[in-house]
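Here is the structure we will look at.
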Amino acid sequence: MNELEILNYHQLAFVANAIYLLTFTGLIFITFRLVRFQRESNLNILGKVLVTLFGLCTTFYGYSIFSYLHNTQLGQAYMLSELKLKGTELSTVTESFIEFMGYSVTDGWPPAFAPEPAASLFLLTFAIMIIAGTWTNLSKDKQ
């Protein structure tokens, strides 16, 4: 596989990831609407459990998407640095991408199911917001 093929294949993967992220954004909206509905309707325990499960499933979906994105980025850097190691002359843009990612053949194939730390923090925050919004009284006036 040459440089252009690697860049094209990964560009398609980034487009697919963008569609997954749009779906994730919609699921985030639906999840927060469910939490709000649950609070306004004062649902029973079963309703709270279902809202929590939906929120945690949304969190897991986001974890999968962010993992896929991170793996794709590192995999692209890995494959391009593999070409460089074989002696293929790469473009300046490709060289800068490898340098920016800081990942190469010497690091081994990237982990398959590990998002970036910032994405993990975002997902942890999201999960806490769902659980706290569903199970605790967050209003200022005590009921």
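Here is how the numbers come out for the structure above:
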{"item": "Exclusive hit being farther than 17 Å from residue 10 by Cβ, part of a loop (DSSP other than H, G, I, E, B) and open to solvent by 20 Å² or more (accessible area, probe 1.4 Å), set 124, 138, 46", "result": "138"}
{"item": "Yes/no for residue 6 being under 25 Å from residue 106 (Cβ atoms), among the β-branched types (Val, Ile, Thr) and either open to solvent by less than 60 Å² (accessible area, probe 1.4 Å) or modelled with pLDDT of 95 or more (or both)", "result": "yes"}
{"item": "Qualifying residue in region 13-24 (condition: part of a helix (DSSP H, G or I) and within 19 Å of residue 129 (Cα to Cα))", "result": "yes"}
{"item": "Count - residues of region 85-121 that are open to solvent by less than 100 Å² (accessible area, probe 1.4 Å), among the aromatic types (Phe, Trp, Tyr) and in a helix (DSSP H, G or I)", "result": "1"}
{"item": "Qualifying residue in region 28-37 (condition: open to solvent by 60 Å² or more (accessible area, probe 1.4 Å) and β-branched (Val, Ile, Thr))", "result": "yes"}
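The values are calculated or read from the model by the stated rules, or taken from the named source; none is laboratory data. Computed from a prediction, not measured in an experiment: that's the story for all the values here. We place every Cβ from the backbone using ideal geometry, glycine too, and count neighbours over all the protein chains shown. To get the accessible areas, we keep the full protein, side chains included, count just its heavy atoms, and leave off ligands, DNA and RNA. Shrake-Rupley method; radii C 1.70, N 1.55, O 1.52, S 1.80 Å.
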